[in-house]
Each structure stands twice: as structure tokens, then as C-alpha cells.
1. Of the residues A:A27, A:A69, only one is of a type outside the set (D, E, K, R), within 14 Å of chain B (Cβ to nearest Cβ) and assigned to a loop (DSSP other than H, G, I, E, B); which?
2. Taking A:D261 as meeting all but one of (1) closer than 25 Å to A:F169 by Cα; (2) in a helix (DSSP H, G or I), write down the number of the exception.
3. Is it the case that some residue within the range A:314-326 is among the acidic types (D, E) and touching a residue at least 24 places away in the same chain (Cβ under 8 Å)?
4. Taking the residues in the range B:41-70 that are part of a helix (DSSP H, G or I) and more than 9 Å from every other protein chain (Cβ to nearest Cβ) as candidates, determine which candidate is nearest to A:T176 (Cα to Cα).
5. Determine whether the range B:75-85 contains at least one residue that is under 30 Å from A:D83 (Cβ atoms), surrounded by 15 or more Cβ atoms within 10 Å (Cβ to Cβ), at pLDDT 85 or above and within 12 Å of chain A (Cβ to nearest Cβ).
6. Name the residues in the range A:371-416 that are of a type in the set (D, E, K, R), more than 39 Å from the chain's Cα centre (by Cα) and closer than 17 Å to A:I451 by Cβ, would you?
7. Does any residue of the range A:36-57 turn out to be farther than 30 Å from A:Y224 by Cβ, open to solvent by 40 Å² or more (accessible area, probe 1.4 Å) and over 24 Å from the mean Cα position of the chain (by Cα)?
8. For A:C273, indicate whether it is in a loop (DSSP other than H, G, I, E, B), out of contact with any Cys (no Cβ under 8 Å at 6 or more places or on another chain) and open to solvent by less than 20 Å² (accessible area, probe 1.4 Å).
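The values are calculated or read from the model by the stated rules, or taken from the named source; none is laboratory data. What you see is a predicted model; the values in this text were computed from it and never measured. All Cβ positions, even for glycine, are placed from backbone atoms using ideal geometry, and neighbour counts span all protein chains on display. Each accessible area value is taken on the protein alone, full model and side chains, heavy atoms only, with ligands, DNA and RNA left out. Shrake-Rupley method; radii C 1.70, N 1.55, O 1.52, S 1.80 Å.
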Amino acid sequence: MDIENKIAHRFKSSDSNLYASHEKVYAREVVGPFQNLRKTMMFLLLGLYYGMAWINWDGHQAVLFDLPARQFHIFWLTFWPQDFFFLAWLLIMAALSLFFFTALAGRLWCGYACPQTVWTEAFVWMERLIEGDRGAQKKLEKSPWNVEKIRKRGLKQLAWLSFSLWTGFTLVGYFTPIRELGASVIDTLSGNYALGPWETFWILFYGLATYGNSGYLREQVCLYMCPYARFQSAMFDKDTLIISYDTERGEPRSKGKKRSDTENADIKPIGDCIDCTLCVQVCPTGIDIREGLQYECIGCAACIDACDQVMEKVDKPKGLIRYTTEHSLEHEKTKLLRPRIIVYACLLSALFIAFITAIAMRSPLAVDILRDRGVLYRVLDAEHIQNVYNFKLMNKGKTPQTYTIQVKDLNAEVSFDDALYVSPGDVGNLPVTLTVKASELSKAIQSIEFIISTEVAGETISVSEKSRFFSPQ
Amino acid sequence: MFKIVITQLEKVVPEAELQAKVLWRSIAVMAWVSFMFAGLASMLFFATFEPTILASLATFSLNWSAQAVYTIGFLLFWLFGFMTTVVSAILLALPLVKREKSLPE
């Protein structure tokens, strides 16, 4: 075999399933407690996404990431770029929560909360509404292009596209006030191009991404694109909650005549699985859960609901497919509190408490004091020494503020040229001069503390900042 | 650049149909990975630097709005990330002569 054939052979044999033609998964609809929970989550999360943008709070949009003004409004809180640290903190907490919940309960995120799952669910729902159930969809796929097919497919595309564009519009509405954005969209639709070019771009871009990911790619996003699906095995252990088929109870599976024959003859034990393949038909990623834990499983629990119904019909106990752990399947005790769970939980609660405390105690004033770089000190006359500082005052509040500056530990005269007035969101730069009587100074470098205070809504807020006073002593 | 990838692919995978699949899958993975990190990079970068000031300090006169700087910045991060992954992919795919030696009989 020459090299080219050899490599071609390798592609065909080992990787062939990776490059096999993708076949659309027509998942059968299933009802049951877990699917009800998933539907509730879907309505909740989609409702939150589409609704939150329209809620107003205190005269502004409740959640608005105003990038041009560089302010993030989240209800009563306003975040400035200087608060970036909170965002980083939040991301660390999000990552840690993912570790924690994955170790504890497997792919809860994938099955119930991941946007990919939630939007796919919405798209599948629309498809089902227009094209009918699994059988009808397959039939429509095979049927020639007649009026019925054009009508149904056209309607589906219309529904998908409008939903996607609405999604894109809502996303941009979190960055540009959504009411103004809506007005400019209406203007644009009536022929007067009022929408900004970048807003147009992002609405179309995000809309298209939603359309492609939820309409066509679906489970392939989880199988081929999602990094979390690949590295989650590192977070799993034998006590992690997984969805699994009870092989011991189910096998050997059999169905139909063979099954009734065996049951009647009573020769050898038969498993509870009647091989109805419903668990395969309902699976949105098209796998067979009976083959064991697979990385394709997104933990949607559709197979649990499907199997429980069948077990009920055939008078067998539920839970042939169920939420369980590897230890439990091996008849060992499942340990809930493992070292990693305890460590994650402690870290997470510490970070969370600190985060809330830091946000609650966030000062609407940030101060930076730089000493004048040119001169260490100025000798005014025989009695007075002067030092110059540069103040940077950032007003993180919502109202314009005037500030007062005092010095602790030193009897000094504070003077500055301009009024200490800073508009909301601005940084005021101000040279401040301290004049001190030489007799007051005991050493060449004296530590001092500035107290900067202001009044916000009748409450005095002060920030102290350390610096040094130099003299020729 | 894609020409190189395609010529390499033609040697490795004989069937045209499979070639297209391998190519598209590789492009999709590269575009997706660079997209994720472009998002992260933009967030970190623009949280640190004010876009309109950056535009006004540019060597060429850029009269761009904040939205323009954010969007173009993100797209540039994406483009460069994509180019990085493309070149990495080309270099990671060993030349055919080396491949022959590494293959089992």
C-alpha cells in the first residue's frame, strides 16, 4: 500500500463515523415529569431573556450594557470599567459553579439550562407545531415538493427566521436601549434607514447564529463544538449523578414472540427491557443509552420519561433508565460528600459571600493620589513647607458630587484651585497643595492620610487614602 | 492559505466528497474556537482601553464611533485568532513524507 492509500484507509476506517453524512435526528415527542421540568425551564429562561430587556427601573432600562458610555446598568447598580474586577470575579464563580454542579449532578447545565438546548427546544417545538410529529416530519421530508410541502416548509422557515431575528434584536437591545432600537427598526422597515450599521450587523449576525445553531446544527453543537462536553469527564467520578440504563435489570432484552415464548417456557431469566427502542427514538442526540455512558448524552432525561411510561404499561417497576450513580449501579453506597464536593462548595460560598459583601460595600467614589513628580517639597518661607499631590477622583454614583478633602495625623492647610466638582461617571483631575508649619514636622518623611468625603442622598461617604509628606528635616 | 490546505487534503483524502467534509469541519472548528477566544479577548481588551480614545490616538485618522471600534476590534481578534489556528493546523499536519514513517504498517 502506498502512502496515500494508507492514509485514505485510515480516514475511512477509524474516522469514518466522524465524517459520515449527517443525518437529521427526528426525536419523538415525549411527556413526563422531567420533560415538564425542562419545558418550565425553557419558558423561564426564554421569558427572562426576551422580557428582561423591556423592564424599566428608576427611569432607565433595568439591564443595559451601555458600551459607548462604558456603564453597565443592572437594576439599582451601575458598573464602570473600574469595576472590571467584579466581572472577572463573576466569571470565576460561574466556572467554579459549573465544576461543582457537574461533579455533583452531571450534565444538569446541558439538559436544562444551556442556551443551545433551550433554543433548540423552542425550534423543535415550532417545527412540530407546523410539520407535525416525528412520523409526519419524516414523511414530509420524503415527499416531493408539492403545495403542502411548500406551505409547511415555508411556514416553518418564516417562524424560525422571525424568532431568530427577534432574538438578535433582543440581544442588541441589551446594548442599545431597546425602545429606541425598536423605534429605529420600525423606521427602517418603513423605508427610512434609521438603524445604525453596527446594530444592523449584530442583529443579523446573532439572528443568523441562532437560526443555524438551533434550526440545523442542534445536537452537533454539543457533539462537535462544545468544549465542556469534552472535558467534563475530568469532573465526573463514581458518585456523580448520571442518567443510566440498569443493564443488570434490563438484560437480556427481548421482545415480541421471542419474549412471550421465553416467559411462558420459564427456561432462563429475561431482562425487563422489552426492546421497544423508545429511548432511542426520543433521544435528541440520537444515541442508545443502553450502550452505557456516552459523551453525546446531554442529560435531557427524555429516555427516562419514555422508559418509565413503558415500564408502567408492562407492569414493571419504573427506573430501568434513571438518574443514578456508577456506585449505586454497582450496589455500592453513593457518597454525597466527597472531598472535591466539599472543597468546591466551600470555595464557592466564600467567593459568593465576598462578592455580595464587596458589591454592597462598593463606594461610589474611587480615589487615586499621585505625588507631584517634579519636586519633593517646596520651602515657602522659614516656617512653611509645601507638598503637591495630584488627585484623581472618580464619581461612580449617579449624581454630580462636590468633595471635601481633609488630612489626618497632620495639622495642614489644604488648598486647591478648582472646585472639587465631578459629574457622574467622570474622573476629576485636581492638583492639591498641602502647606504645613515646619515646627509640626518631626521627620523627613511623614505618613499621612487623606480623607475625601461627599454627601450622597443625605449620607456622608468618605474614602481614606494614604500618602506621604516630604520635608527637608 | 486555503489552497495549501486543499492541496494537502487532496493527497491525503482521495474522494472529493470526503475532502469537502474534512475541509469544512476543520474550517468550522477553527472559526468556532477563534470566535470563543475573540469574545474573551475583546472583553478583556475593551474593559481596559476606551475604544474612542484608542481610535483618536490611531496613526491613521479613524473617525469611528464606539460601536464601530468594538465591532471591528472583535472581528479583528476573530480574524487573527482564525489565522493563527489555520497556520497551526497546517503545521501540525505533518508533511506526507514524515507521515509515512509515523504510520503503522
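1. Answer to the selection: A:A69.
2. (1)
3. yes
4. B:V69
5. Scanning the range B:75-85, I find at least one residue that is under 30 Å from A:D83 (Cβ atoms), surrounded by 15 or more Cβ atoms within 10 Å (Cβ to Cβ), at pLDDT 85 or above and within 12 Å of chain A (Cβ to nearest Cβ), so the answer is yes.
6. A:K408, A:D409, A:E413, listed by residue number.
7. No, the range A:36-57 has no match at all.
8. yes
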